[in-house]
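Written out below as structure tokens is the structure these notes cover.
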Amino acid sequence: MRRMLFSLAAPVGAFVVTIIISSIALMLFGSNPISAFGDMLGHAAKLETQVDILNRATPLYISAIAAAIGFRMNLFNIGVEGQYLFAFLIAAQVGSLVVLPQVFHILLITTVAVAVGAAYAGIAGVLKVTRGVNEVISTIMLNAIAISGLIAFLQQRWQAEQENFTSTTLGTNPIEESGLIPNINGLLEIFTRDIGQGKELTGMLIVAGVVGFGYHFLLTRMRFGFDLRASGMNPFAARAGGVPPKQMVVAAMVLSGAAAGLIGLVELNEKAKFSPNPIKGLGFAGIAVALLGRNHPAGMIFAALLFAFLDVSAGILQNTQAATKEIVNIMQGIVLLVAVIAYGVTGRIQAREEARATAEALQETEGRVTEGTEVAV
Amino acid sequence: MSKFNELPAWLRWPIYALLGILLLTLVQIISDTDRLTRVSTSREMLRWAVPIFLAGLGGLFSERAGVVNIGLEGMVILGMWFGAWGSITYGPWIGLLIGIFGGALGGLLHAIATVTFNVDHIISGVAINILAPAITRYLSDEVWASPTTSPATSTPDRYDLPILGGGTVGGWESPDILQSVAQREWFFVSETAELLRGLTTNLHFVSIVSLLLVPFTSWLIWRTRFGLRLRISGENPNAGEAQGINIVFYKYVGVIISGGLAGLGGAFISTELSGLFQGGNSAGRGFIGLAALIFGNWRPGGVLFGALLFGYVFGLDLKDLDGTASHALLLVNTIVLAGVVVWALARKRISDAVLAGLLGLGAFYWWLSAEAVPGWWSNILPYVLVLLVLVFFAQRLRMPVALGQPYRKGGR
């Protein structure tokens with residue numbers, strides 16, 4: 001119980017501090033924080049907004065898991081950004097080339113996305129174990145190479161191949177209906193009223209749930225997950241215990257990239273193609289969500305929902321003019337920074353308390369031992 | 001070869017540069033372009049290199065003190081905004097100062113998180129990279145009623161160096177020696193002079209400061225008490241602490257200087273390069289600066305060399321609308337990779353030789369089969385270069401020993 005309170009104190013405290021700091025930022029420029037936050041909450045109470053939030057939380061959650069797989073192994077996969085955009089483009093192009101029965105078509109697109117993400121992340125893993133290249137630097141470079149190199153090149157090339165090309169057909173060719181995961185409005189409407197405004201709850205939500213469960217299962221129920229965590233906590237001990245460190249690095253990067261490959265599928269299903277301006281930044285936001293949720297499958301759900309809520313709230317702030325909408329991104333940044341500091345502080349307090357408790361317990365048993373035997377050994 | 005490595009750095013880097021120019025001159029003879037050694041190319045190179053160099057040098061101060069600084073990109077962005085705001089409100093000179101201040105604020109934040117609270121350096125850097133664009137968008141929207149664009153900024157006048165660049169000193173118009181050499185058409189010498197003219201004429205104040213910062217930083221880091229203490233904070237903080245050095249203080253100073261330099265680079269972007277603040281104009285230069293830092297093996301001269309190299313690729317692309325000059329650069333890549341093959345074979349590193357050979361053949365094939373190179377290739381070439389340098393030379397680089405490790409006073 002005490003433990004749980006401890007682990008809750010940091011994120012809740014971070015959130016309170018964020019509210020305070022962003023209120024000050026709002027007041028500095030003459031906005032009323034109470035009406036701004038009121039607008040955000042009132043907006044979020046609507047069912048349609050909640051669909052938007054879930055649609056946004058879905059890719060954020062998958063992205064967070066991609067980052068978390070690396071973190072568990074003490075690897076920083078900064079390259080989720082490049083991996084998901086590249087996987088998105090290739091999957092959309094492959095998906096547009098064929099028409100298959102629905103199950104196979106969806107499976108094909110998903111497999112391609114996962115494979116591309118895994119392969120691209122794998123490069124960084126292989127470079128690390130064979131050449132000693134730090135994965136932070138190599139994934140930053142690979143991000144730039146994917147986004148301004150490979151994607152720019154392939155987009156131009158496939159664009160040029162399109163017949164009767166117009167500005168509305170920018171991006172890859174559309175994917176046939178059979179390749180798209182249907183929305184799950186029906187599932188939500190069992191519990192609520194009908195969803196209006198033409199909003200569609202993405203079917204990828206279920207995929208995200210499966211990925212989250214898979215992540216949990218992998219880490220807590222499988223040998224591989226145990227090896228992964230062991231190598232992350234103490235690579236030397238793990239190695240002594242027979243865990244091959246090099247294979248673990250590559251495996252963790254590949255797995256992280258595989259999850260990253262799924263991120264873009266949310267937008268792929270929504271737009272049925274790779275649009276010329278895909279949603280960017282989900283990879284970096286995913287790192288933030290993973291840190292905020294402490295790499296915990298349930299914690300990351302809350303963090304993803306919080307980030308999605310803030311993202312979606314930007315729209316309403318613009319409508320009501322209660323505040324500049326950019327405040328939501330500031331809140332995301334602050335909550336992340338304050339939370340990681342708070343985790344550090346509570347972690348230290350916890351460690352100190354544990355050390356003290358252990359020392360006290362030791363003293364007690366020692367006392368009992370000396371009382372019982374009377375003779376010092 | 002080992003004799004060559006014993007030469008001092010200030011002699012070694014110019015020799016590399018001269019070899020590079022010789023290579024460019026030779027390649028140019030058989031290519032249908034003369035852009036590789038034009039003064040406009042080297043002028044663009046310097047303009048592109050300055051922010052990259054300043055970010056990289058910022059990284060040097062931070063990482064020499066043992067703090068990894070992925071947040072450089074965010075600090076460049078803060079510098080861009082504050083520099084633009086300062087120059088619009090108070091004029092060009094104060095603008096640069098405010099830009100430095102803005103970047104230093106980012107550095108301070110990074111120092112508080114990493115040094116005081118021992119947050120993982122990369123996590124804190126990622127947080128700053130998320131926070132900085134958000135802050136600048138918010139401030140722009142409040143101040144200029146647009147989240148992404150500011151009004152035009154102002155920047156100080158440019159200078160020509162006396163004697164080397166024909167600048168005027170107290171009314172006396174000095175001769176322009178480099179230009180007269182460049183016009184002689186002496187093989188290699190004229191090309192070198194032409195390229196050097198880009199570094200001596202039409203110089204921005206910040207460019208001059210950047211070039212002067214190289215010897216200054218070398219002196220500061222290697223020859224002063226401050227530098228020694230800064231370095232021990234990054235090499236072995238506990239040993240430094242045992243000598244009574246306030247490690248926390250030096251780490252703070254290092255990271256704040258780091259932010260200030262990145263901020264100056266940002267202010268240079270928004271006041272000189274683009275003439276206004278525009279979201280996304282940092283174009284990853286903080287990250288490229290980090291790459292230049294690694295390329296330069298955590299040394300000031302190396303950082304400048306790396307920044308100029310990356311700046312050259314970007315600057316060449318800017319004036320190279322038909323892609324022929326970038327195409328000629330492919331041949332340069334081929335020859336350099338062939339050099340790596342020889343180097344690797346001499347050291348009996350067969351896998352390196354095979355890898356470099358394959359990449360070199362690929363570049364050569366591309367050079368043969370295409371007439372021009374598309375623009376996206378030049379955009380990613382610096383990143384590819386960094387990856388290649390890391391792939392072939394990662395084990396030869398020497399970073400500060402305690403880089404990225406948490407430090408607690410008293411070793412607790």
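The values are calculated or read from the model by the stated rules, or taken from the named source; none is laboratory data. Remember, predicted model here, so these are calculated numbers, not experimental data. Every residue, glycine among them, receives a Cβ derived from its backbone with ideal geometry; neighbour counts consider all protein chains shown.
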Scan the range A:129-155 residue by residue and report those that are within 7 Å of another protein chain (Cβ to nearest Cβ) and under 18 Å from A:GLY70 (Cα atoms). A:GLY132, A:VAL133, A:VAL136, A:ILE137, A:SER138, A:ILE140, A:MET141
Applying the selection to the range B:296-343, what residues are touching an Asp or Glu at 6+ places or on another chain (Cβ under 9 Å) and among the polar types (S, T, N, Q)? B:THR324, B:SER326
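Go through the range A:26-37 and give me each residue that's surrounded by fewer than 21 Cβ atoms within 10 Å (Cβ to Cβ) and either outside any helix (DSSP H, G or I) or within 14 Å of chain B (Cβ to nearest Cβ) (or both). Full working, then the answer.
Going residue by residue through the range A:26-37, those that are surrounded by fewer than 21 Cβ atoms within 10 Å (Cβ to Cβ) are A:27-35, A:37.
Within the range A:26-37, A:MET27, A:LEU28, A:PHE29, A:GLY30, A:SER31, A:ASN32, A:PRO33 meet the criteria.
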Any residue at all in the range A:249-257 that is more than 15 Å from A:ARG72 (Cβ to Cβ), of a type outside the set (Val, Ile, Thr), buried (at least 19 other Cβ atoms within 10 Å of the Cβ) and in contact (Cβ under 8 Å) with a residue 12 or more places away in the chain? no
Checking A:LEU305 against (1) surrounded by 13 or more Cβ atoms within 10 Å (Cβ to Cβ); (2) closer than 28 Å to A:ALA144 by Cβ, only one condition comes out false. Which one? (2)
Leading residue by the ranking (farthest from A:ASN134 (Cα to Cα)) among those in the range B:101-122 that are surrounded by 23 or more Cβ atoms within 10 Å (Cβ to Cβ) and at the interface with another protein chain (Cβ under 7 Å from one of its Cβ atoms): B:ALA113
Name, by its number, the condition in (1) at pLDDT 90 or above; (2) within 11 Å of chain B (Cβ to nearest Cβ); (3) farther than 29 Å from A:GLY225 by Cβ that does not hold for A:ILE327. (1)
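Suppose the filter is among the β-branched types (Val, Ile, Thr) and more than 14 Å from every other protein chain (Cβ to nearest Cβ); does B:ILE94 pass it?
Numbers: among the β-branched types (Val, Ile, Thr): yes; more than 14 Å from every other protein chain (Cβ to nearest Cβ): yes.
Spelling it out, B:ILE94 is indeed among the β-branched types (Val, Ile, Thr) and more than 14 Å from every other protein chain (Cβ to nearest Cβ).
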Criterion first (farther than 28 Å from B:LEU388 by Cα, modelled with pLDDT under 85 and either away from chain B (no Cβ under 14 Å) or assigned to a helix (DSSP H, G or I) (or both)) does A:THR220 satisfy it? no
Does the range A:177-216 hold any residues that are under 29 Å from A:ASN295 (Cα atoms) and in a loop (DSSP other than H, G, I, E, B), and which are they? A:ILE181, A:ASN183, A:ILE184, A:GLU200, A:LEU201, A:THR202, A:GLY203
Applying the selection to the range B:264-290, what residues are in contact with a Leu (Cβ under 9 Å, 6 or more places away or on another chain) and of a type in the set (S, T, N, Q)? B:SER270, B:THR271, B:ASN281
If I go through the range B:69-99 residue by residue, how many of them are assigned to a helix (DSSP H, G or I) and crowded, with 24+ Cβ neighbours inside 10 Å? 19
